[in-house]
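In what follows, a single structure is set out as structure tokens and then discussed.
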Amino acid sequence: MKKVLLLVTLTFSVLAVQAQEVSSRAKAMRMMTYAKPEYMVKDIKVLADTMIVYSLADYVIYPIGKWENIEQYITSTQLQWYRESGYKNFYDSMSVSVNTLRRLDDSYLDMYRSITTGRVEMVAGRITDPEVVLENGVHAGMAKDDVFKVIFKRFPKSYVADIAVLKVISGAGEVGQVYTFRGNKLRHIGIISKYKYY
């Protein structure tokens, strides 16, 4: 009798997990229908408390905008940045000249000027300062619904209620932003990159 009861319990557990996976995929497919056209969303995945949005938009590749040099960005923000310059090692033991801009709260942006594109490219970053605003208008401290409204025209609130991390990744998966929520507020923004620089 115990073996039958154990077998029934395991069967229901497996079915529940499969139903949850279908539910996550259905949620992702429905969210795609709500995506704004300018974000050119190609796929969405929902994994537990994380939503991953794959986008072809320039906002993803150039989160702070398109600049020919770092000084242009510093001037445009009208914020006090502390600048560090140096070389950092990246893939294949390559040394790359990287500029780090810091704020007093330890928010930072690592960037370099690409010889290929002639533009400032992002290497990494972590933004907690609400005064640092991305090109798409997102900043730390925003309400979670307002962050989702930047990418989606509308959406069922129940679909994003348990999302703690929103990743917006470029189509090739090389660059992106990671929006981390605490409660109903955007706690911090991470900028990630897997470029092979230069």
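The values are calculated or read from the model by the stated rules, or taken from the named source; none is laboratory data. Given the structure is predicted, the values throughout are model-derived calculations rather than measurements. A quick note on method: Cβ atoms are made from the backbone with ideal geometry, for glycine too, and the neighbour counts reach across all protein chains shown. Surface areas here come from the heavy atoms of the whole protein model, side chains and all, with no ligands, DNA or RNA. Shrake-Rupley method; radii C 1.70, N 1.55, O 1.52, S 1.80 Å.
Prolate is the label for the stretch 133-194, because the ratio a/c of its alpha-carbon gyration tensor axes (a ≥ b ≥ c) is 1.5 or higher and a/b is greater than b/c.
Add +1 for every Lys or Arg and -1 for every Asp or Glu among the other residues with Cβ under 9 Å from the Cβ of LEU79, and state the total. Once all neighbours under 9 Å are counted, the net charge is -1.
Here the calculated FRET efficiency for MET32 and ARG83, from their Cβ-Cβ distance with R0 = 45 Å, stands at 0.65, rounded to the nearest 0.05. Surface composition of the stretch 54-198: carbon and sulfur make up 48 percent of the accessible area, probe 1.4 Å. Distance between the modelled labels on ASP106 and GLU174, one decimal in nanometres: 3.1 nm (7 Å Cα→Cβ projection). Packing, as the average of other Cβ atoms within 10 Å across residues, places the peptides 133-142, 73-82, 110-119 in the order 133-142, 110-119, 73-82, highest first. A convex hull fitted to the Cα coordinates of the stretch 60-198 yields 116 cubic angstrom per residue.
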